[in-house]
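Single-structure report; data block below.
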Amino acid sequence: MAITAQQVKELRERTGAGMMECKKALTETNGDMEAAVELMRKTGLAKADKKAGRVAAEGRIEIAYDAGAQKAAIVEVNCETDFVAGGDDFTAFAGKVAAAVLAGEPADVDALNNVSVDGKQYDELRRELIAKIGENIGVRRFAVVKAKGKLASYLHGTRIGVVVDVEGGDEELARDIAMHVAASKPQFVNSDEVPADVMAKEKEILVAQAADSGKPADIIEKMVEGRLRKHLAEITLLGQPFIKDPDQAVEKLLKAKGATVHAFVRYEVGEGIEKKEENFAEEVMAQAKSQGR
């Protein structure tokens, strides 16, 4: 039977696939729209599986709040290129996922596969987007923060996102703390949160470094203690100099405002992911060879 342009248009709108793929699917299913949709979904799933092994180190950070701003979800959603990361489809997907994480509070990324996102299972929606866009897409990590005080957030573009839980102070202070976390990358709120094994490893390194100085053992011990204090200040929020006033530590600022930071989450897109270096000329040659040219 003849496939009309209107049928192709409808299938494209429903699947996001290319015109020729839609026409082919309609031809194979004798114009049956629902059968064609099912076929396109199956094709899309196959494409998604093929792309699953590709490095997705670009993307965006999304933050969603509940109505009372007592709970927030922060999510890192990844793709392969910054071009796709800025696109409307990917942006919409990331926003829907953040809202779904906020509502469902899944335990981990695996559990997210069973969460409903915009009326579909997360993994189904993800695979459909992969088929449409042609890149590996997925959620790398997320966190749900519940307020003990009040929540504040800061997004630096779309690549760095922070949520903080601050008790006391005002909204400006809370936002300033979120901005500070984004810029200064503390690992912990205070020294009490730093695991003992982290400090033991750092001390081991500092002792080894100081041993080469030839100084007496008691002097080395004092040197190591001083360097450990400096290291603690560098990795803890309270110990860092405040970005807006480097002469003042964050701890001093909070005390002056009668405020306490209970927790923070800081995500940066692609943090810790090893990106593959691409050689465009080699990529073109490889593609040409694979097509028998």
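The values are calculated or read from the model by the stated rules, or taken from the named source; none is laboratory data. Small disclaimer: the values here were computed from a predicted structure and weren't measured. Cβ: placed from backbone, ideal geometry, glycine included. Neighbour counts: every protein chain shown. Ligands, DNA and RNA are excluded from the accessible area calculation, which covers all protein heavy atoms including side chains. Shrake-Rupley method; radii C 1.70, N 1.55, O 1.52, S 1.80 Å.
Quickly estimate the mean residue ellipticity at 222 nm for the chain, helices only: each DSSP H run with n ≥ 4 gives -39500 (n - 2.57), and the total goes over all residues, rounded to 500.
-15500 deg cm²/dmol
How compact and how long is the chain, expressed as Rg and Dmax of its alpha-carbon atoms in Å?
Cα radius of gyration and Dmax of the chain are 25.4, 93 Å respectively.
Once segment 75-121 is represented by equal point scatterers at the alpha-carbon sites, with solvent omitted, what log10 I(q)/I(0) does the Debye formula produce at q = 0.16 Å⁻¹?
-0.45
Using 0.36 nm per residue, how much length does the chain from A143 to S116 gain when fully extended, once their Cα-Cα distance is taken away? Could you put the intermediate results ahead of the total?
Details: separation 27, 0.36 × 27 = 9.72 nm, distance 1.73 nm.
Contour length minus Cα-Cα distance gives 8.0 nm.
Counting only C-alpha contacts under 8 Å and six or more residues apart, can you give the relative contact order of the chain as a whole percent?
Reported relative contact order: 18 percent.
Pick out the long, greasy-scoring helices in the chain: whole DSSP H runs spanning 20 Å or more along their own axis by Cα, mean Kyte-Doolittle at least 0.5.
88-104
Percent of alpha carbon pairs in segment 191-282 separated by more than 19 Å?
Everything past 19 Å amounts to 61 percent.
In the neighborhood of G239, defined by Cβ-to-Cβ distances under 10 Å, what is the net charge if each Lys or Arg adds +1 and each Asp or Glu adds -1?
In short, 0.
Taking all protein chains as present, what is the carbon and sulfur share of the accessible area of the chain, in % to the nearest whole number, probe 1.4 Å?
Roughly 51 percent of what the probe reaches on the chain is carbon or sulfur.
From the C-alpha coordinates alone, can you work out the Kirkwood hydrodynamic radius of segment 53-163, in Å?
14.1
Rounded to the nearest 0.05, what FRET efficiency is calculated for A69 and E204 with R0 set to 45 Å and r the Cβ-Cβ distance?
0.55
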